[in-house]
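A.B. asks: One structure follows; several queries about it will come next.
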Amino acid sequence: MNRRTFLASGACLALSLACPPCPWIRNEAWAARDVTGEVFRDDAPDTLWKWSKEAFSYSRLDQGRVLCNVCPHACVLSPGDRSVCRNKINHQGSLYTLAYGNPCSVHLDPIEKKPLFHFLPGTSAYSLATTGCNFRCRNCQNWQISQKKPSQVRHQDLFPGEALKEASESGASSVAYTYSEPIAFIEYMADLAKLARDKGLANLLISNGFINDTPLRELCPHIQAANINLKAFSDEIYRTLNGGRLEPVLETLRTLHGEGVHLEITNLVVPGYTDDRDMVKKMCDWITDQLGPDCPLHFLRFIPRYKLDRLPPTPIPLLKDFRQLARNRGIRYVYIGNAPVPEGLNTYCHHCGELIIRRRGYQAPELGMEKGRCPSCGTEIPGVWS
Ligand code: SF4
């Protein structure tokens with residue numbers, strides 16, 4: 001058994017004794033820290049394939065090394081090395097992505113599934129992903145693609161022009177970059193997003209938000225809506241649960257808001273990790289202070305998955321408590337997802353409490369608004385409605 005398998009097995013008594021006193025966490029937290037910043041040494045294929053493209057943003061260093069400028073991991077790769085996100089390689093002193101035009105997941109989804117509740121409700125999003133992610137979430141629901149290299153997963157041959165054709169013919173109103181982590185396939189996303197915008201389709205960024213400011217600002221003019229997964233309001237939890245850091249994600253939220261991209265936030269409530277009431281309170285205060293009260297917040301229920309399959313699901317009363325807490329802290333539109341709480345999906349006017357959008361799972365929502373206003377009191381409801 002190698003070290004990582006050993007850590008993940010939950011069998012190491014010595015490490016469990018050294019870990020936080022939570023009855024569920026035990027040694028899982030240590031394994032996530034173990035992979036943060038990992039670069040795969042001498043791991044690149046000998047020759048490039050047709051689904052490769054020179055990388056979006058990088059710098060050449062000495063001795064054939066390159067620095068990837070896309071995300072805060074700042075991978076420095078020698079010739080033959082592969083990035084943390086698993087999609088980029090140093091090929092003979094230049095940086096290439098191997099995730100271009102080869103999506104492994106392509107679906108037509110209701111936009112509510114992203115989740116985006118205040119942006120073109122009832123429309124479809126042509127959704128795609130390649131492999132790869134710059135995080136190592138121990139609860140990842142899509143680990144079969146997010147934690148793989150492009151060569152390890154079956155994929156379609158779908159370059160941006162073809163993807164645009166499919167998206168247009170599908171009747172979708174938007175193209176969503178989702179499922180794994182679009183920052184890990186930014187070259188593919190950027191080229192398709194430009195084409196999609198020219199065709200009148202919106203582009204949706206569904207992301208962990210772990211991206212540097214310069215590439216994000218280059219992307220912003222082509223992105224109309226984003227749902228950023230704010231995983232915790234604690235740098236320590238980001239490092240242990242996700243293999244990331246908090247501050248760059250907060251910076252991404254500020255930038256998207258400042259650039260006028262429609263923004264919603266998702267927060268997964270993981271027992272023993274992100275279910276601390278004080279932390280949620282601080283997160284809500286930060287949102288209202290930095291992004292304003294109109295940024296919708298989705299609390300999602302954790303379901304045991306991947307390396308956290310021994311944790312219980314999030315208790316429903318806790319989700320309801322957090323929803324009320326967020327409202328009390330001034331956030332006007334707070335939702336509960338992944339949970340049997342039917343009214344948790346509905347939109348109520350923040351001024352008079354009138355039900356204005358009723359949602360039943362991913363069925364087409366029933367819209368009660370009139371020109372973006374509450375039919376009862378006339379208050380303008382924040383969002384992009386048509
Ligand atoms: S950021 Fe998303 S895709 Fe990446 S590991 Fe975490 S949950 Fe999975």
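A.B. asks: Express in whole angstrom the spacing between the alpha-carbon centres of the stretch 88-105 and the stretch 149-185.
C.D. replies: One Cα centre to the other: 15 Å.
A.B. asks: Another question, then. Indicate, rounded to the nearest 5 percent, the antiparallel portion of the DSSP beta bridges found entirely in the chain.
C.D. replies: Bridges in the chain are about 50 percent antiparallel.
A.B. asks: Okay, moving on. Suppose only helical runs count, i.e. DSSP H with n ≥ 4. What mean residue ellipticity at 222 nm does that imply for the chain under -39500 (n - 2.57) per run, divided by all residues and rounded to the nearest 500 deg cm²/dmol?
C.D. replies: Calculated mean residue ellipticity at 222 nm is -7000 deg cm²/dmol.
A.B. asks: May I pose another question? Once you have the Cα-Cα distance between Val384 and Asp294, take 0.36 nm times their residue separation minus that, and quote the gain in nm to one decimal.
C.D. replies: 31.2 nm
A.B. asks: Between Rg and the Kirkwood Rh of the stretch 296-341, both from Cα atoms, what is the Rg to Rh ratio?
C.D. replies: 1.04
A.B. asks: If you don't mind, another one. What number do you get for the chain when its Cα radius of gyration is normalised by 2.2 N^0.38 Å, N = residues?
C.D. replies: The reported ratio for this selection is 0.99.
A.B. asks: Let me know the charge dipole size of the chain about its Cα centre in debye, to the nearest 20, where only the beta-carbon of Lys, Arg (+1) and Asp, Glu (-1) is charged.
C.D. replies: Rounded to the nearest 20 debye, it is 780 debye.
A.B. asks: Taking 0.36 nm per residue of separation and subtracting the Cα-Cα distance, what length does fully extending Tyr306 through Leu61 add?
C.D. replies: 84.5 nm
A.B. asks: Quickly work out the Gln152-to-Lys371 label distance, labels modelled 7 Å from Cα along the C-beta direction, and quote it in nm with one decimal.
C.D. replies: About 5.5 nm, to one decimal.
A.B. asks: So which aspartates and glutamates pass the test for Lys307, namely a Cα distance under 19 Å, with those fewer than 8 places away in the same chain ruled out?
C.D. replies: Glu28, Asp34, Glu38, Glu181, Glu236, Asp275
A.B. asks: Now a separate question. Amide H of Tyr335: which non-local residues (sequence gap of 5 or more, or other chain) have their own amide H closer than 5 Å, using H built in the peptide plane?
C.D. replies: Amide H neighbours of Tyr335: Leu297, His298, Phe299.
A.B. asks: Among Thr379, Thr214, Thr178, which comes first, second and so on when ranked by fewest other beta-carbon atoms within 10 Å?
C.D. replies: Fewest-to-most Cβ neighbours within 10 Å comes out as Thr214, Thr379, Thr178.
A.B. asks: Here is a further query. Give a residue-ordered list of calculated ³J(HN,Hα) values for the stretch 180-191 (Karplus: 6.51 cos²θ - 1.76 cosθ + 1.60, θ = phi - 60°; whole Hz; x for Gly, Pro).
C.D. replies: Listing the rounded values in order: 9, 9, x, 4, 7, 10, 4, 5, 5, 4, 4, 5 Hz.
A.B. asks: List the pairs from Lys53/Lys88; Lys50/Lys149; Lys282/Lys320; Lys53/Lys149; Lys114/Lys231; Lys53/Lys194 whose alpha-carbon separation is above 19 Å, in the order I gave them.
C.D. replies: none
A.B. asks: How would you rank Phe40, Phe299, going from fewest to most other Cβ atoms within 10 Å of each one's own Cβ?
C.D. replies: The order, fewest Cβ neighbours first, is Phe40, Phe299.
A.B. asks: Follow-up question, since we're still on this one. Taking the alpha-carbon distance from Lys199 and a cut-off under 21 Å, which lysines remain once sequence neighbours fewer than 8 residues away in the same chain are dropped?
C.D. replies: Filter leaves Lys165.
A.B. asks: Would you mind finding the longest exposed-site-free stretch of the chain, with exposed trypsin sites (Lys or Arg not before Pro) meaning DSSP loop and at most 16 other Cβ atoms within 10 Å?
C.D. replies: After excluding every exposed loop site, the longest remaining stretch is 66-153.
Quick note: the coordinates plus some simple rules give every number you see, no bench work behind them. These figures come from a predicted structure and were not determined experimentally. Cβ atoms come from the backbone with ideal geometry, glycine included; neighbour counts cover every protein chain shown.
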